[in-house]
Amino acid sequence: MDSDAYNVLLIGGGGREHSIAWKLSQSEKLGSLYTTPGNPGTSIHGINVQLDLSEFSNISDFVEEKGIELVIVGPEAPLVDGIADYLNEQKIPVFGPTKKAAMLEGSKEFAKEFMTKYNIPTADYAVFSAQDYDDALKFIQLKDTYPIVLKADGLAGGKGVFICHSEEETKDRLLYIKKDKNLSSAAKRLVVEEFMEGEEASVFVISDGHTSHIIHNAQDHKRIGDGDTGLNTGGMGAYSPAPVLTEEILDQVKQEIIEPTITGMQLEETPYFGILYVGLMITENGPKVVEYNCRFGDPECQVILPSLENDLLDLMIAATEQRLDEKSIQIDNNYRCCIVLASQGYPLDYEKGKKITGIGDIDSSALVFHAGTAEKDGEIVSNGGRVLNVVGSGTSLEKAIYHTYTNVEKISFENCYYRKDIGHKGLKRLS
Ligand code: AMP
Ligand code: GLY
């Protein structure tokens, strides 16, 4: 192994982390790659290890044992719990924001206050505590404008946002939020927000606390059903770039949203370091922030990293050394589309353990990233709600979508479900 090579520990085990592991594996700077917990996809590019993240000392012990030089954190929960602060204290280089900076995702109230303070365009809002839910209802009744958006303040895995179309629905939802045990911790505070009309898209930024670069943009499909119907999910597919983000809008996003966010976090003495996911609504009054996330999106990461020509590890190392000003981002000219193959029933109950066939038949126009899969008796089986991601590329969005679906059709497992309309909004805009 090259003595300049970096041994890396990647935290996470979804499709996002498989795509990160795949991209890291192309780096000349990579030594050994460990992923925890990983999945059968990440094990193609490195070694999966099972570490108990509830004790961060398990991470530092492993780092010492294996001579790890960089820890990369995929999902939000460990960041919001302070894993970066712990590793920083141990002088272990880590790519991801501190607990305070991760509050941009961890607390919607914090994010809204921050945006108001720094004049960053977003929906109007009011905040109520769990005891004041009656006041929240009175506030909404007085406003009498529907739809209205209710959001649990804390992390709720995509299950803490409710769009209410009437007073009746608002009452039902408020009652549900109050009583639901899974939401009780996230909903100690409740954000009531103006509904924004428009098309959603997201922009992904890498920041070293001072310098930031847009990596790329994408559009996710959060609902389970075709035509954006049914329950919210973690994301059923994505494509990139999103035509709704014209050059003019992207300039506006940079000047009115990204720059003030990075500068604002510096002024708050919580410089933002890592990947910043800016979820946007493109309204008729310009782009506004729907949410910040403190990490790559899943499945957006799976369409963005194949477009990135830079060495990801080199970029991440430059960020940890505050040298992002030396770097510029190179993106290829292709479109990418990702279809999530899910287990029938997701995001509610679903069966696991179904044998998957056809992964080896994918042609060179597409990639497969594992999400909820497991290896059993030498076979790959389903092991989660979102099971696999197929990512096709092409010189046009139409071709990228075509390459994705023709490869999706080669894969099968019992009760496999996927959306048939990923990219439809983009195609409509380009037609
Ligand atoms: P969030 O977790 O804040 O991103 O919200 C989840 C989803 O709810 C978003 O992706 C939007 O589709 C929708 N949403 C959230 N806030 C608003 C809003 N103020 N106006 C319209 N839609 C919203
Ligand atoms: N795909 C949405 C997210 O990662 O939050």
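The values are calculated or read from the model by the stated rules, or taken from the named source; none is laboratory data. Treat the numbers as computed from the prediction; the structure is a model and nothing was measured. Reconstructed Cβ throughout: ideal geometry from the backbone, glycine too, with neighbour counts over all protein chains shown.
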Residues that are surrounded by fewer than 22 Cβ atoms within 10 Å (Cβ to Cβ) and within 16 Å of ligand 2 (Cβ to nearest atom), drawn from region 184-204: GLU199, GLU200
Tally, over region 1-29, of residues that are in contact (Cβ under 8 Å) with a residue 60 or more places away in the chain, hydrophobic (A, V, I, L, M, F, W, C) and surrounded by fewer than 24 Cβ atoms within 10 Å (Cβ to Cβ): 1
Pair list, Cβ < 9 Å and 6+ apart or interchain, from region 416-431 residues that are loosely packed, with under 15 Cβ neighbours inside 10 Å and of a type in the set (Phe, Trp, Tyr) to residues that are at pLDDT 95 or above and not in a loop (DSSP other than H, G, I, E, B): none
Whichever residue in region 150-192 is out of contact with any Asp or Glu (no Cβ under 9 Å at 6 or more places or on another chain), of a type in the set (Asp, Glu) and not in a loop (DSSP other than H, G, I, E, B) and, among such residues, is nearest to ligand 1 (Cβ to nearest atom): GLU169
Residue pairs meeting the criteria (Cβ under 8 Å; at least 6 apart or on separate chains; first closer than 21 Å to GLY392 by Cα and within 12 Å of ligand 1 (Cβ to nearest atom), in region 225-243; second aliphatic (A, V, I, L, M) and in a strand (DSSP E or B)): GLY235/VAL340
Breaking point among (1) among the small types (Gly, Ala, Ser); (2) within 23 Å of ILE317 (Cβ to Cβ); (3) surrounded by 21 or more Cβ atoms within 10 Å (Cβ to Cβ), for GLY235: (2)
Out of ASP332, ASP361, sole residue that is within 23 Å of GLU17 (Cα to Cα), under 24 Å from the mean Cα position of the chain (by Cα) and of a type in the set (D, E, K, R): ASP332
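For the condition within 16 Å of ligand 1 (Cβ to nearest atom) and crowded, with 20+ Cβ neighbours inside 10 Å, what is the one hit in GLY297, GLY274? Steps first, please.
Details: GLY274 fails: within 16 Å of ligand 1 (Cβ to nearest atom).
Within the list GLY297, GLY274, the selection yields GLY297.
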Selection within region 358-380 - at positive phi and out of contact with any strand residue (DSSP E or B) (no Cβ under 9 Å at 6 or more places or on another chain): ASP377, GLY378
Residue among SER60, SER27 that alone is small (Gly, Ala, Ser), at pLDDT 95 or above and more than 26 Å from PRO306 (Cβ to Cβ): SER60
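Going by what's in this entry, would ALA136 be described as more than 16 Å from ligand 2 (Cβ to nearest atom), of a type outside the set (Phe, Trp, Tyr) and part of a strand (DSSP E or B)? Walk me through it before giving the result.
Numbers: more than 16 Å from ligand 2 (Cβ to nearest atom): yes; of a type outside the set (Phe, Trp, Tyr): yes; part of a strand (DSSP E or B): no.
Spelling it out, it is not the case that ALA136 is more than 16 Å from ligand 2 (Cβ to nearest atom), of a type outside the set (Phe, Trp, Tyr) and part of a strand (DSSP E or B).
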LEU388 being free of Cβ contacts under 8 Å to residues at least 60 places away in the same chain, within 24 Å of the chain's Cα centre (by Cα) and closer than 19 Å to GLU300 by Cα: no
In region 221-244, the residues that are more than 19 Å from VAL387 (Cβ to Cβ) and over 18 Å from the mean Cα position of the chain (by Cα): GLY227, ASP228, THR229, PRO243, VAL244
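Looking only at region 140-183, filter to residues that are of a type in the set (Ser, Thr, Tyr) and either surrounded by 13 or more Cβ atoms within 10 Å (Cβ to Cβ) or within 25 Å of the chain's Cα centre (by Cα) (or both); which one of those is nearest to ligand 2 (Cβ to nearest atom)? Don't jump to the end; show me each part of the working.
First, the residues of region 140-183 that are of a type in the set (Ser, Thr, Tyr): 145-146, 166, 170, 176.
Now drop any that are not either surrounded by 13 or more Cβ atoms within 10 Å (Cβ to Cβ) or within 25 Å of the chain's Cα centre (by Cα) (or both), which leaves 146, 170, 176.
Details: TYR146: 25, THR170: 25, TYR176: 22 Å.
Top of the filtered list is TYR176.
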